[in-house]
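**Student:** Sending over a structure as structure tokens; questions will come in a sec.
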Amino acid sequence: MERLKRVGLIVLPLCLALLVSACGGADRSVSGASFAMGSVLTARVYTQKTEGTPLLGEIYAAAAALDGKISATDPSSEIAVLNAEGRGACGEDTLEILRSSLSLCDALNGRLDITLGAVTSLWGFASDTPRLPSAEEISAALVTKGTRKVRLENGAVTLGEGQKLDLGAVGKGAGCDAIRTVLDGVGVPAVISFGGTVLLYGQKPGGAWNVGVRDPFGGQEDYFATLSLQPETASDALFISTSGSYEKTFTENGKTYHHILNPDTGMPADTGLAAVTCVAENGLTADALSTALFVNGLNETSLGWVGQYLVGAVFVFADGRVYVTDGLRTAFTLTNDAFTLTDAYD
Amino acid sequence: MTERLKLKKADVLLICFLLAAALALLLLRGGGDALTAEVTVAGETVERIDLKAVTSPYDLTLENGVRLHVEPGGISFCYSDCRGQDCVRCGVLTRAGQAAACVPNKTLVVLTGKPPKGAPDAISS
């Protein structure tokens, strides 16, 4: 009996520590996946299964509900009706997305333009049959764009003549914002990936969140760097969005075309960049800025926008050089030797 | 004056045994080894595959015609009649938390389990 007491005194704490570790301890989590906006939505929530499983359901429902309002392909969505008829009533969620997006389009000198729908539908990147439109078709469609032509009055939206909206550059970010509202209600740490736009909610048990930055020259699951991020408090969130020339491409007559269009020309943007990753405290902002920065290229104007709207950004050039803005330098780790860090731009 | 704790040889053996047992449990339960592929079609789970138990590769054809390639520790879309072929281009899923989908065929493959240590929580793409 004396021996057991002696041994127990030494071993028990050690065994308890090991057992807690073996059973998962504080980092118990529940994960799952669903579809929304034509993309995969994966979620991991750090809580007990009894609480986590219904929470995953609420997350999927929030994304699906927004999809039902702003989808371009669902003919009954508010945006689809608006595009088909030129006018329509919109709920407060859709109106708020339109207000925020139109405001950003203007503030970003038109480098992002959600009124470019007539041009993007010509290209058909979201369809199964993308094609290279003629110069005449593009010129005719470009005439319809313009944020000032969109009128928002008393819950009704009216578009300009022939104008169509395309929320592709902001939809998943807005979806992450809707999911954040769900998480605010429960205060559970979570990581969400919605078609590649990432939401980090609260503080991950046991350390910072680790987010891979997609390798623009590799496969869908390849990453060339990581960002170690932690929102300031348990109810704060960070959003990470990447725009790259590797998504939604097609090749015609030996030339490959990507889906991020320059709103001035209606042609795929070419500023020497392969991808831009943005980190922000708002999903729509992160999503919108990643597109605008890709279109604008890396220059003083872009860095000004980074300082104004973002925590930071990562610019990847087509030759493998990587520029990381000050706000992310300590969080950034290069994991692929084929890439090199640079301080040069322009 | 308190009596000093003295360990005998048998005490040391017992300590080693208990520690080894706890370590074994740690390796068996906490190593992040569980890796299950859950396959759903239109929201209904149609297959649940323990990828750690797979010893040799095989193809699995679903009722909607989508074909999955299952291999030790991994799974991928290898055939779909969709025009975009995004699902096939996703490549092999090997880490818990990864997912791939064939949207036109409403087919979703998601890997569940504890993510391996050091793996990213998500990839921004």
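**Student:** Do you know which of the residues in the stretch A:278-311 that are assigned to a helix (DSSP H, G or I), aliphatic (A, V, I, L, M) and in contact with a strand residue (DSSP E or B) (Cβ under 6 Å, 6 or more places away or on another chain) is nearest to A:Gly171 (Cα to Cα)?
**Tutor:** Within the stretch A:278-311, the match that is nearest to A:Gly171 (Cα to Cα) is A:Ala286.
**Student:** Find the helices (runs of 4 or more DSSP H) located wholly in the stretch A:116-227 whose residues include 2 or more that are more than 10 Å from chain B (Cβ to nearest Cβ), at pLDDT below 95 and farther than 21 Å from A:Ala72 by Cα, and list them.
**Tutor:** The helices (runs of 4 or more DSSP H) meeting that bar number zero.
**Student:** Return yes or no: is A:Thr333 more than 30 Å from A:Thr147 (Cβ to Cβ), of a type in the set (S, T, N, Q) and in a strand (DSSP E or B)?
**Tutor:** In short, yes.
**Student:** Now for a separate question. Go through A:Asp236, A:Asp287, A:Asp337, A:Asp264 for me and flag whichever is modelled with pLDDT of 95 or more, touching a Ser or Thr at 6+ places or on another chain (Cβ under 9 Å) and among the acidic types (Asp, Glu).
**Tutor:** A:Asp287
**Student:** Continuing with the same structure: Do we have A:Glu252 as touching a Cys at 6+ places or on another chain (Cβ under 9 Å), surrounded by fewer than 24 Cβ atoms within 10 Å (Cβ to Cβ) and at pLDDT below 95 here?
**Tutor:** No.
**Student:** Considering the stretch A:38-97 alone, what residues qualify as being without any contact (Cβ under 8 Å) to a residue 12 or more places away in the chain and of a type in the set (Val, Ile, Thr)?
**Tutor:** A:Thr50, A:Val81
**Student:** Now a separate question. Could you tell me whether any residue of the stretch A:275-285 is surrounded by fewer than 21 Cβ atoms within 10 Å (Cβ to Cβ), within 14 Å of another protein chain (Cβ to nearest Cβ) and in contact with a Phe, Trp or Tyr (Cβ under 7 Å, 6 or more places away or on another chain)?
**Tutor:** no
To keep it simple, each residue is scored yes or no on (1) modelled with pLDDT of 95 or more; (2) touching a Lys or Arg at 6+ places or on another chain (Cβ under 6 Å); (3) outside any helix (DSSP H, G or I); (4) within 12 Å of chain A (Cβ to nearest Cβ).
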residue	(1), (2), (3), (4)
B:Thr2	no, no, yes, no
B:Leu18	no, no, no, yes
B:Arg29	no, no, no, yes
B:Gly32	no, yes, yes, yes
B:Ala37	yes, no, yes, yes
B:Ile49	yes, no, yes, no
B:Leu60	yes, no, yes, no
B:Gly65	yes, no, yes, no
B:Leu68	yes, no, yes, no
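**Student:** Also, quick follow-up: Restricting to the stretch A:155-170, give me the number of residues that are within 11 Å of A:Thr94 (Cβ to Cβ) and either surrounded by 21 or more Cβ atoms within 10 Å (Cβ to Cβ) or under 25 Å from the mean Cα position of the chain (by Cα) (or both).
**Tutor:** 3
**Student:** Right, something else. Going by the structure shown, is B:Arg83 at pLDDT below 85 and more than 13 Å from the chain's Cα centre (by Cα)?
**Tutor:** Here the answer is yes, as B:Arg83 does meet what is asked.
**Student:** Being closer than 25 Å to A:Phe239 by Cβ, more than 7 Å from chain A (Cβ to nearest Cβ) and free of Cβ contacts under 8 Å to residues at least 24 places away in the same chain is the filter here; which residues of the stretch B:72-125 pass it?
**Tutor:** Residues satisfying the conditions are B:Asp86, B:Gly118.
**Student:** Moving to a separate point now. Are any residues in the stretch A:79-97 within 18 Å of A:Lys164 (Cβ to Cβ) and touching a helix residue (DSSP H, G or I) at 6+ places or on another chain (Cβ under 8 Å), and if so, which ones?
**Tutor:** Matches in the stretch A:79-97: A:Ile79, A:Asn83, A:Gly88, A:Ala89, A:Cys90, A:Thr94, A:Ile97.
**Student:** Moving on. For the condition farther than 20 Å from B:Leu111 by Cβ, away from chain B (no Cβ under 14 Å), in contact with a helix residue (DSSP H, G or I) (Cβ under 7 Å, 6 or more places away or on another chain) and not in a strand (DSSP E or B), what is the one hit in A:Ser76, A:Ser100?
**Tutor:** A:Ser100
The values are calculated or read from the model by the stated rules, or taken from the named source; none is laboratory data. Note that this is a predicted model, so its numbers are computed, not measured. In this analysis, Cβ positions are derived from the backbone assuming ideal geometry, glycine residues included, and neighbour counts consider all displayed protein chains.
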